[in-house]
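Each remark here refers to the structure printed beneath this line.
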Amino acid sequence: MHRLRTTVARLRPLTAAQPAQSLSQPRSSAAEGGLRTFQPVRCSNTSVAAEPFLNGTSTNYVEEMYYAWLENPRNVHKSWDIFFRNTNAGAPPGVAYQSPPPLGRTLQGLTGVQGLIQAQPNVEKLVEDHLAVQSLIRAYQVRGHHIAKLDPLDISCVDFDDAPCTIGFQNVGFYGLTESDLDKVFRLPTTTFIGGNESALPLREIIHRLETAYCQHIGVEFMFINDVEQCQWIRQKFETPGIVQFSLEEKRTLLARMIRSTRFEEFLQRKWSSEKRFGLEGCESLVPALKTIIDKSSQSGVESVIMGMPHRGRLNVLANVIRKELDQIFCQFDSKLEAADEGSGDVKYHLGMYHKRMNRVSDKYVTLSLMANPSHLEAVDPVVQGKTKAEQFYCGDTEGKKVMSILLHGDAAFAGQGIVYETFHLSDLPSYTTHGTIHVVVNNQIGFTTDPRMARSSPYPTDVARVVNAPIFHVNADNPEAVMYVCNVAAEWRNTFHKDVVVDLVCYRRNGHNEMDEPMFTQPLMYKQIKKQKGVLQKLSEKLIAEGIVTTQEFEEEVARYDRICEEAYTRSKDEKILHIKHWLDSPWPGFFTLEGQPKNMSCPSTGISEDELVHIGNIAASVPEKDFTIHGGLSRILKGRANMVGQRVCDWALGEYMAFGSLLKDGIHVRLSGQDVERGTFSHRHHVLHDQNVDKRICIPMNYVSPDQAPYTVCNSSLSEFGVLGFELGFAMASPDALVLWEAQFGDFHNTAQCIIDQFISSGQAKWVRQNGIVLLLPHGMEGMGPEHSSARPERFLQMCNDDPDVFPKQSEDFAVRQLYDTNWIVVNCSTPANYFHVLRRQILQPFRKPLIVFTPKSLLRHPEAKSSFDDMLPGTHFRRIIPDDGPAAASPEKVKRVIFCTGKIYYELIRERKNRGMDDDVAVVRIEQLSPFPFDLVKLETDRYLNADLVWCQEEHKNQGYYDYVKPRIRTTISHSRPVWYAGRDPAAAPATGNKQTHLTELQRLLDTAFDLEAFYGKV
């Protein structure tokens, strides 16, 4: 705000003076950063004009009037308002005053200057100085963190573009103040709490208190928040004199936690000096920081805390925060242990944990879950958020008071990984919010070997959090008491406002990236300083001993006691002969499996439903259950078409999906469908959310009217994110096996920006972490001649990651089909009928285990007249069909069939049309493989044995180096014991998924059809 540069002149009253309002009431302001709200004092613009004050009137009156105006211009008469506005704008002395307009006239009707009088320099100086002090206070609130002592190494390379410092005793001249003003008493504005119970302080004391609040070991970034209440709340937490205090017991607890954190790392270093462990040395205060957050949150009513973190410090957090048994951690270092569980397991610093224990501070039980995650550091962020949302949903926690998340980050990854930004942008979306996350950044001030100046463009690694107005608390991690206070405030913030908050632990990494790395190669000066650095435990113990909080003997005894605990656990760990990865589960499903972790049976009941149920759900899908609800005219036609299909006992793709969802909801299974534009459907086929055409924001979701006691249906359009949203839905699906959670890509190829979630969590999650998941991916796929983008969901990538062996024909058994599903890492299908889509969705829930399901969904088939299914294919006794054999004339005389064309998905309809056009219904059988993985060896064998005299062809519309061919061919060859060749009919190899030229597309399509029906023309004699 500009300084007041002119004088306060004598002002003549416009009307008869009325009793002045009291200025001692609570006040408010529209000043930047926000102030406390108040009831405005009664002083209308036509009641009390500016009164003469120079003839014996105290300048205190001017000061009071000035502060009243500063807080709200409407608090003072219009003449004062004009005067103060002009002076702030830099009006020269004597010309700031203008008479207000007479009653009935507007300000625009006035020109020139009226009522000029003699300036009074003493009043000018008074107002200028108070304004300068307010500007100084605001400068500390905005930029105090620039000069805070945040870096334990005192070599911080945070770059503020070399902006000149405008705070501190030596810079008061910047505000027009002088050294002689330091001992003057100034009234404090309501934008600060540094006065405590005092309303005025000497300037020297004001600066001292501001330095104490904002420029020591804590730096606060919050003035970008545009909420008055939130800004005032933060000011009170950091400005109130003496607020950072701890009891004797709290300090002793802090010391005990620091001992555990530090001695744990030292124990591992002694026992396994040549092993990677990504230790916490240099940021040992992380453990008491997390425990403080959990303590405070538990006291506020939180019952479950879900955490995600990178490698660094994970073992320490598992041991001293989650309280995993030390012997289970130590035995992980034994490379000779045999794995007792299926799957390969993972390295120890990737594993998670789930534990319910008593919190000794709150005397309440709290459940702690640390999610397992891979080396893709921040990829776990949305997964944690999804699991948190699910737990909140299932326990009815609509405000996040019982379940919360804590995310830990490294500084380089926090700034560099785009998934952090995506996750932040989910934080306030209605269907994705977890009502506030506490982010803790372990700020090593280095990323592997990369200097921050080369790793980010922002001054701080935490600047990404400003996008959602999250307050950021920087703290020197070598001051555990400051860390403890900041974490208390962060937990209170989350409990009060239910919004994200960031704690930036500015620390260092005593070793290299891991214990085997040599950091002196690349950061010699930093690591010379680190070698001189006294450990944080030593600093804290010396301080507390000097204060008389503990004695040296007590400290040494506590160290020895924890060392004994570690040694005893180490001894027990040597008795472990087998490694149990199941002990590291982060998302157990009690009651879903037997005690041994196996399914209760290996059978799957029929996935069909009664005709009455089909008709009932179909009628719901064709209706608008709410009264006086106006829908779009085009939608009326769609609903009428659905009603006609129900009357004809058939369904298309959208209605088949409706049948699956509705029947599961009726049985109490929660269904959640998420993704870009899923409510309507990218191809305008779904329409699960109806919008009133006359009432803004009024919607109707017919699926929630299936049954009075049904489970809720959640369908939600997502942000334009794949990585973040798919991770979120994966986490949601982890929370419970009794929910069908689906993510639909807007187009199938959009999954490639979520590839990390697919590769690291979905395809390999069970093998690494023994964690089943029933997430469903719906990926629109099909080459419609619209160009290379959005044509292919890249089925070859999913099939390449399938774990079934192409060279081994599996052993057959009565429960083969279900057993095969249990043994696979995920299920990949391409359904050609709505009925099969209906069945595969219901099978996800009815089978006795959970596996990820990848569905290549159609585009043109959504409205294809032949892509409809009869209700007969969905009645009790029916199942998902892994293969759909040919049911035409060719099947009636299999010995006469010359060619069997195997295919999957949409190309089937092109093939049967071409077969009919060529008059080859008797000669060619077309067999659809609906379930690609696990491959239906048994059913393919039935088909090849039936058509012993026929050539075998695999036909696909995709290019030869893409699609299904490389996956299917060796498996068919294994099925027939390599007795016959498997010919290929499809497009030639190509770099792009499709051509952008419609005519070329049609030419390629006709060529592959010609190949399928006339092998000799392309391959010679076969």
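Just so you know, all these numbers are worked out from the coordinates, no wet-lab data involved. Not measured: the values here are computed from a predicted model. Here the Cβ positions follow ideal geometry from the backbone for every residue, glycine too, while neighbour counts run over all protein chains shown.
Among residues other than LEU846 with Cβ under 14 Å from its Cβ, the summed charge is +4 (Lys and Arg +1, Asp and Glu -1). Annotation: extensible slack from ARG252 through GLU229 equals 4.8 nm (criterion: 0.36 nm per residue apart, minus Cα-Cα distance).
Per residue, the average separation of C-alpha pairs within less than 8 Å and at least 6 apart gives segment 127-239 a relative contact order of 37 percent.
Our note on the geometry: Cα centres of segment 894-972 and segment 780-816, 15 Å apart. Fully extending the segment from GLN648 to ARG453, taken as 0.36 nm per residue of separation minus the present Cα-Cα distance, adds 63.4 nm. Once the Cβ-Cβ distance of LYS574 and ASP988 is raised to the sixth power relative to R0 = 56 Å, the FRET efficiency obtained is 0.40. Counting alpha carbon pairs within less than 8 Å and at least 6 residues apart, what relative contact order, in whole percent, applies to the chain? Computed over the chain, the figure is 9 percent. Farthest toward the positive end of the dipole of the chain, out of SER933, TYR822, GLY608, is the Cα of GLY608, where the dipole comes from beta carbon charges about the Cα centre.
Compute the acute angle (0 to 90°) between the alpha-carbon long axis of helix 286-299 and the principal axis of greatest extent of the alpha-carbon atoms of the chain; round to the nearest 10°. Compared with the principal axis, the helix lies near 90 degrees.
In this simple spin-label model, placing a label point 7 Å from the Cα along the Cα-to-Cβ direction at both GLU518 and LYS534 gives a separation of 3.1 nm. When the chymotrypsin sites (Phe, Trp or Tyr not before Pro) in segment 382-484 are filtered for DSSP coil states and for at most 16 other beta-carbon atoms within 10 Å of their beta-carbon, the remaining sites are PHE448.
Counting only DSSP beta bridges whose two residues both lie in the chain, roughly 25 percent are antiparallel. Using alpha carbon centroids, what distance separates segment 359-434 and segment 451-478, in Å? Distance between centres, Cα-based: 19 Å.
The alpha carbon centroids of segment 721-778 and segment 610-667 are separated by 28 Å.
Among the listed pairs LYS356/LYS574; LYS906/LYS969; LYS389/LYS906; LYS600/LYS906; LYS389/LYS666, those whose Cα-Cα separation exceeds 28 Å are LYS389/LYS906; LYS600/LYS906.
Close amide H contacts of ASP677 (hydrogens built in the peptide plane, cut-off under 5 Å, sequence separation of 5 or more or a different chain): SER718.
Extending 7 Å from the Cα toward the beta-carbon at both ARG357 and LYS543 defines two label points whose distance is 2.6 nm. For segment 491-582, GluC sites (Glu not before Pro) are listed when DSSP marks them as loop and at most 15 other Cβ atoms sit within 10 Å of their Cβ; the list is GLU547, GLU576. Residue order for SER792, SER79, SER606, fewest other beta carbons within 10 angstrom first, comes to SER606, SER79, SER792.
Proximity of backbone amide H atoms, modeled 1.01 Å from N, is registered between VAL715 and LEU673 at under 5 Å, excluding neighbours fewer than 5 places apart on the same chain. Loop-resident GluC sites (Glu not before Pro) (DSSP state other than H, G, I, E or B) in segment 350-441 with no more than 11 further Cβ atoms inside 10 Å of their Cβ: GLU399.
Backbone N atoms of segment 874-911 closer than 13 Å to the 7 Å Cα→Cβ label point of ASP922 belong to residues 889-898. A straight chain from ALA767 to LEU846 at 0.36 nm per residue would run longer than the Cα-Cα distance by 26.2 nm. Neighbours of GLU611 by Cβ distance under 15 Å: Lys/Arg scored +1, Asp/Glu scored -1, total -2.
Neighbour counts of C-beta atoms inside 10 Å place ASP500, ASP1010 in the sequence ASP1010, ASP500, starting with the fewest. What FRET efficiency do you get for LEU429 and GLU275 if R0 is 45 Å and r is their Cβ-Cβ distance, rounded to the nearest 0.05? Once rounded, the FRET efficiency stands at 0.60. Round to the nearest 10 and give me the degree value, 0 to 90, for the angle of helix 480-497's Cα axis relative to the longest principal axis of the chain. The angle comes out at about 70 degrees. Helical content of the chain, expressed as a calculated mean residue ellipticity at 222 nm, amounts to -10500 deg cm²/dmol (DSSP H runs of 4 or more residues, -39,500 (n - 2.57) each, divided by residue number, nearest 500). Computed from point charges on the beta carbon alone (+1 for Lys and Arg, -1 for Asp and Glu), the dipole magnitude for segment 320-469 about its Cα centre is near 480 Debye. Amide H contacts of LYS364 (H built 1.01 Å from N, in plane; Pro and chain starts excluded): ASN359 sit under 5 Å, all sequence-distant by 5 or more or on other chains.
Between helix 59-71 and the chain there is an angle of about 10 degrees, using the helix long axis and the longest principal axis of the Cα atoms.
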